[in-house]
1. List, in the order given, every pair from Lys167/Lys213; Lys89/Lys167; Lys94/Lys167; Lys89/Lys219; Lys77/Lys226; Lys89/Lys228 whose Cα-Cα distance in the structure shown is over 18 Å.
2. Which order do Ile102, Ile113 fall in if you start with the one that has the fewest other Cβ atoms within 10 Å?
3. Run the quick spin-label model on Lys219 and Leu195: label points 7 Å from Cα toward the beta carbon, then report their separation in nm to one decimal.
4. Taking each pair of distinct Cα atoms in the stretch 78-240 once, what is the resulting Kirkwood hydrodynamic radius in Å?
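Derivation of every value follows stated rules applied to the coordinates shown; laboratory data play no part. Bear in mind the structure is a predicted one, so any value in this text is a computation, not a measurement. Quick reminder, even Gly has a Cβ in these numbers, built from the backbone with ideal geometry, and neighbours come from all protein chains shown.
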Amino acid sequence: MLKHYRNNRVLFSNKERVFLHDGPDCGATQIVIRLKFEDKLALLLQIIKGKSNSNLELFPETNDYEVGVFLEKTIYKRIHIIGSVGSGKTTLAKEISSRLDIPYYELDNVVWIRDKSGDIRRTEQEREEYLNSILQSDSWIIEGIHNEDWVSNCFQSADLIFFLDTKYSIRTYRIIKRFLKQKLRLEKANYTPTLVIFFKMFRWNRYFEDVGKVNFFNKYGIHKDKIKVINNANCIKKYFN
């Protein structure tokens, strides 16, 4: 049996599925689960739906995870997904939206008015009014790369924040793959997939890795209790299929 120590709490795990441990500091029975990937994803969906009445903490160890579940009632109706270009945030937003029947919105479409003759950038006032109209609804999924001040209300209003920390090399591969599929008309895009935008995506990806990620946790670390860092959004996506 393995013991893992996190914040003065003892987590137990071995090849069995579930152990119960009354943690002296957590004030509730702690369920510790060594999960297979598919089980972890099932639990994640249950938590989003509110069916598990639980809060999720992921502790990366080797190739799977120790998951500490603390019994407290939480129902998530407002979900914010942030990640770099190619991290899988749009795909994840679509899957959760379809599964939970919650509308999803892309921040890029808040910034831009999509038009066949060319995209039109909204003014700051128009952008703020549009975003606030979304936030005022009872349930929503918002996804995007943005973490500037104008989206701060999104993070504040969200019940759950997914930070997709997909590997840089995987994101780079996806940028190339997506561009080729768009040029071959195998995949639709909200924008015209030009070479200019293609090369900009590499710059955005690098900037997010070096600057954006640090800025996010510096600015929005106050919401750490509802931020869940996901290293492989593609694995989560598989569960929703």
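1. Exceeds cut-off: Lys94/Lys167; Lys89/Lys219.
2. By the 10 Å Cβ count, ascending, the order reads Ile113, Ile102.
3. Going from the Lys219 label point to the Leu195 one covers 3.3 nm.
4. Kirkwood hydrodynamic radius for the stretch 78-240: 16.4 Å.
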